[in-house]
Amino acid sequence: AQKITQTQPGMFVQEKEAVTLDCTYDTSDQSYGLFWYKQPSSGEMIFLIYQGSYDEQNATEGRYSLNFQKARKSANLVISASQLGDSAMYFCAMRDEETSYDKVIFGPGTSLSVIP
Amino acid sequence: EPEVTQTPSHQVTQMGQEVILHCVPISNHLYFYWYRQILGQKVEFLVSFYNNEISEKSEIFDDQFSVERPDGSNFTLKIRSTKLEDSAMYFCASAGGNSPLHFGNGTRLTVT
């Protein structure tokens with residue numbers, strides 16, 4: 001069965017510093033996808049970055065990068081040069097691409113606060 | 001950029017009433033989803049829909065819930081007899097073949 005764990009309910013980071021948000025997952029599938037979403041206080045869900053289990057390189061999108069360690073089943077999000085607008089909830093999500101392709105599950109989220 | 005549209009943004013209903021939440025997914029997407037989020041907490045999977053039928057559903061999605069794609073563009077979630085605990089933000093999402101989920105802005109359902 002799929003499971004996503006985010007062990008940091010809340011994080012603080014100084015503006016312009018980098019921050020790492022942790023995500024570990026559990027699945028029996030060999031093929032799966034990992035996603036990160038941002039939810040600001042306004043409530044919308046914004047897609048940030050995707051990593052496929054067979055991708056050899058870590059995904060990057062602008063200031064976002066994903067530190068994918070397959071053997072440890074972790075997919076941590078790294079935000080470089082934090083900005084005040086990065087203050088939001090961040091959700092890690094997973095899709096099993098063999099057994100339940102149509103089901104994407106989310107972790108409990110991490111609340112990030114960027115301090116000026 | 002195309003987007004997922006949800007209406008209404010806020011729905012207030014009385015306990016026991018039926019409610020229908022509306023979604024217009026991105027036009028060339030094939031997979032459709034409903035999620036709910038209670039008080040900004042965990043985003044819970046309800047149901048996925050592909051090829052005009054439910055492909056996955058969670059234990060939350062019981063007989064009180066149903067989904068429909070009545071025409072080529074709309075995707076609805078119906079709750080037959082609402083309970084207080086159904087109060088939540090309901091998100092619709094859609095995806096192309098191997099793409100990430102694109103979410104609508106949500107419908108806040110308040111059951112009184």
Kindly provide the set of residues from segment B:82-104 that are at pLDDT 95 or above and in a loop (DSSP other than H, G, I, E, B), ordered by number. B:Thr82, B:Lys83, B:Ser87, B:Gly104
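For (1) facing another protein chain (nearest Cβ under 10 Å); (2) surrounded by 13 or more Cβ atoms within 10 Å (Cβ to Cβ), each residue gets a yes or a no:
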{"site": "B:Gln6", "(1), (2)": "no, yes"}
{"site": "B:Gln11", "(1), (2)": "no, yes"}
{"site": "B:His29", "(1), (2)": "no, yes"}
{"site": "B:Gln37", "(1), (2)": "yes, yes"}
{"site": "B:Gln41", "(1), (2)": "yes, no"}
{"site": "B:Phe45", "(1), (2)": "yes, yes"}
{"site": "B:Asp63", "(1), (2)": "no, no"}
Sole exception among (1) closer than 29 Å to B:Ile38 by Cβ; (2) under 14 Å from the mean Cα position of the chain (by Cα) for A:Gln69, by number: (1)
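One line per residue, one yes/no per condition, for (1) over 23 Å from B:Met15 (Cβ atoms); (2) among the polar types (S, T, N, Q):
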position	(1), (2)
B:Ile60	no, no
B:Gln64	no, yes
B:Arg69	yes, no
B:Ser73	yes, yes
B:Thr82	no, yes
B:Asp86	no, no
B:Gly97	yes, no
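What number of residues within segment A:95-116 satisfy the criterion of being away from every other protein chain (no Cβ under 11 Å) and either crowded, with 21+ Cβ neighbours inside 10 Å or within 13 Å of the chain's Cα centre (by Cα) (or both)?
Going through segment A:95-116, the residues away from every other protein chain (no Cβ under 11 Å) turn out to be A:98, A:110, A:112-116.
Cutting the leftovers down to either crowded, with 21+ Cβ neighbours inside 10 Å or within 13 Å of the chain's Cα centre (by Cα) (or both) gives us A:110, A:112.
So the count comes out to 2.
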Note down all Cβ pairs under 6 Å where the first residue falls in segment A:30-52 and is at positive phi, the second is surrounded by 15 or more Cβ atoms within 10 Å (Cβ to Cβ), and they're at least six residues apart or on different chains. A:Gly43/B:Gly106
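Look through segment B:47-61, keep the residues that are assigned to a strand (DSSP E or B) and not hydrophobic (A, V, I, L, M, F, W, C), and return whichever of them is surrounded by the fewest Cβ atoms within 10 Å (Cβ to Cβ). Full working, then the answer.
Filtering segment B:47-61 down to residues assigned to a strand (DSSP E or B) leaves B:47-50, B:53-57.
Now restrict to residues that are not hydrophobic (A, V, I, L, M, F, W, C): B:48, B:50, B:53, B:55-57.
Values: B:Ser48: 25, B:Tyr50: 15, B:Glu53: 8, B:Ser55: 16, B:Glu56: 17, B:Lys57: 18.
Only one residue tops the list, namely B:Glu53.
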Does A:Ser41 satisfy being among the polar types (S, T, N, Q), within 14 Å of another protein chain (Cβ to nearest Cβ), farther than 20 Å from B:Phe45 by Cα and surrounded by fewer than 18 Cβ atoms within 10 Å (Cβ to Cβ)? yes
Failed item, numbered, when A:Asp55 is tested on (1) of a type in the set (Asp, Glu); (2) under 28 Å from B:Asn105 (Cβ atoms); (3) within 14 Å of chain B (Cβ to nearest Cβ): (2)
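The values are calculated or read from the model by the stated rules, or taken from the named source; none is laboratory data. Note that the structure is a prediction, hence the values are computed from the model and not measured. Quick reminder, even Gly has a Cβ in these numbers, built from the backbone with ideal geometry, and neighbours come from all protein chains shown.
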